[in-house]
Amino acid sequence: MKKLKVIVCKADKGVSAHLPELDGYVIARDTVKKLKNDLREGVRFHIEGLYEEEKQEWMNSDYDFEFVFKDIPSLVEAYNDFINQSSLARIAGINEGQMRQYASGVKHPTKRTLERIEAGVKQYACELQSVAFDYA
């Protein structure tokens, strides 16, 4: 199954995204949740509108999405039902005040800081996957 990268970034009062493997396709919505809900149908519609010579082999089979965030505000907005700025700061080992500035777009993290945030989030996800209950 083909995994398509969806590049998500903050856009005015909402978010926008594009897929590098799908020339000309851009989607913008009020929230990341709405964007995710409409993405598959939008991509399908876009592919249907392509000329046959523009279509690639992967377009005839199933595909999935990998979300790549260009900024902290869109990441925080995307997962605000599950994680807030304070918990993201703790997970990543970053000062809460600094994280608030990143989340509001006042300041932008360095590449090294983004790597720390990504590593922290992935480690947290792995820890959550290891949770189990004894049903006996």
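The values are calculated or read from the model by the stated rules, or taken from the named source; none is laboratory data. Quantities reported herein were computed from a predicted structural model and do not represent experimental measurements. Note that each Cβ is placed from the backbone with ideal geometry, even for glycine, and that neighbours are counted across all protein chains shown.
The table below lists the values:
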quantity	calculated
Some residue of region 15-27 being in contact with a helix residue (DSSP H, G or I) (Cβ under 6 Å, 6 or more places away or on another chain) and either closer than 24 Å to Glu127 by Cα or assigned by TED's automatic domain parsing to the domain that holds Cys126 (or both)	no
Residue count, region 3-45 (criterion: among the charged types (D, E, K, R) and farther than 15 Å from Phe67 by Cβ)	6
Pairs where the first residue, in region 115-129, is assigned by TED's automatic domain parsing to the domain that holds Val76 and in contact (Cβ under 8 Å) with a residue 24 or more places away in the chain and the second is in a helix (DSSP H, G or I) and surrounded by 16 or more Cβ atoms within 10 Å (Cβ to Cβ), C-beta under 6 Å, 6+ apart	Arg116/Ala92; Ile117/Ala92; Gly120/Ile91; Gly120/Ala92; Tyr124/Ile91
In region 1-30, residue surrounded by the most Cβ atoms within 10 Å (Cβ to Cβ) [restricted to those that are out of contact with any strand residue (DSSP E or B) (no Cβ under 7 Å at 6 or more places or on another chain) and within 18 Å of Ile72 (Cα to Cα)]	Lys10
Within region 4-33, considering residues that are basic (Lys, Arg) and at pLDDT 95 or above, the one farthest from the chain's Cα centre (by Cα)	Arg29
Criterion: crowded, with 17+ Cβ neighbours inside 10 Å, without any contact (Cβ under 8 Å) to a residue 60 or more places away in the chain and assigned by TED's automatic domain parsing to the domain that holds Cys126 - qualifying residue of Met99, Met59	Met99
Index of the failed condition, Tyr79 passing every other in (1) in the same structural domain as Leu22 (by TED's automatic domain parsing); (2) closer than 16 Å to Val6 by Cα	(1)
Checking Asn80 against (1) assigned to a helix (DSSP H, G or I); (2) closer than 20 Å to Lys10 by Cα, the condition it does not meet	(1)
Region 66-79 - residue that is within 8 Å of the chain's Cα centre (by Cα) and of a type outside the set (S, T, N, Q) and, of those, farthest from Thr31 (Cα to Cα)	Glu66
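Listed here are the residues, each with its yes/no results for (1) within 29 Å of Gly24 (Cα to Cα); (2) exposed (fewer than 15 other Cβ atoms within 10 Å of the Cβ); (3) at pLDDT 90 or above.
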site	(1), (2), (3)
Gly42	yes, no, yes
Asp64	yes, yes, yes
Phe82	no, yes, no
Lys107	no, yes, yes
Thr113	no, no, yes
